[in-house]
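In what follows, a structure is listed as structure tokens, so that the remarks can point back to it.
Read-outs throughout are calculated quantities, based only on the coordinates presented, and are distinct from any laboratory measurement. Everything quoted here is computed from the prediction, not taken from an experiment. Reconstructed Cβ throughout: ideal geometry from the backbone, glycine too, with neighbour counts over all protein chains shown.
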Amino acid sequence: MKAYFGRRYLLSASHRLHTAAFTAEQNRAVYGKCNNEHGHGHNYVVEVLVGGAVDAETGMVVDLVKLDETVRARVLDRFDHANLNLDPLFADRVPTTENFCKAIFALLRDALPLGELEHVRVEETENNYFECSLGG
């Protein structure tokens, strides 16, 4: 039987939605106020869901302390209070929250101490959230 453990993390980051492939007018039309030349910030909630067998000895799917260390080292230390546009992961792609979610998933996928990364969910605002999962 597979069990799941989810954990939430908070981080603040800024971004500007803009692509050099579009004209200024196209960028404004596609990204609206998110194309502000000075960028804008969000207080993101990042949810990580890990699945796997429950360890007979510990009774856990994943070691919480090691999971926290992994997320801190690979995600929080890198992105908290950062401008996503300046991160190398976004050198060739727009730092939409869809792409941010995909990047977080990729950074964590093979780095977990135990269990399998099932999905990452990034809440951008109280109305907007984005998910990436193993199947997609």
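Structure summary
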item: Sequence-separation-based contact order of the stretch 3-133, relative, with Cα cut under 8 Å and 6+ spacing, percent; result: 32 percent
item: Order of Arg72, Arg8, Arg121 - criterion: other Cβ atoms within 10 Å of each residue's Cβ, fewest first; result: Arg8, Arg72, Arg121
item: Distance in nm between pseudo-label sites at Lys2 and Leu114 (7 Å out along the Cβ direction from Cα); result: 1.8 nm
item: Per-residue [θ]222 nm for the chain (sum of -39500 (n - 2.57) over DSSP H runs n ≥ 4, rounded to 500); result: -6000 deg cm²/dmol
item: Cα gyration tensor shape of the chain, rounded if a/c is under 1.5, else prolate or oblate by comparing a/b with b/c; result: prolate
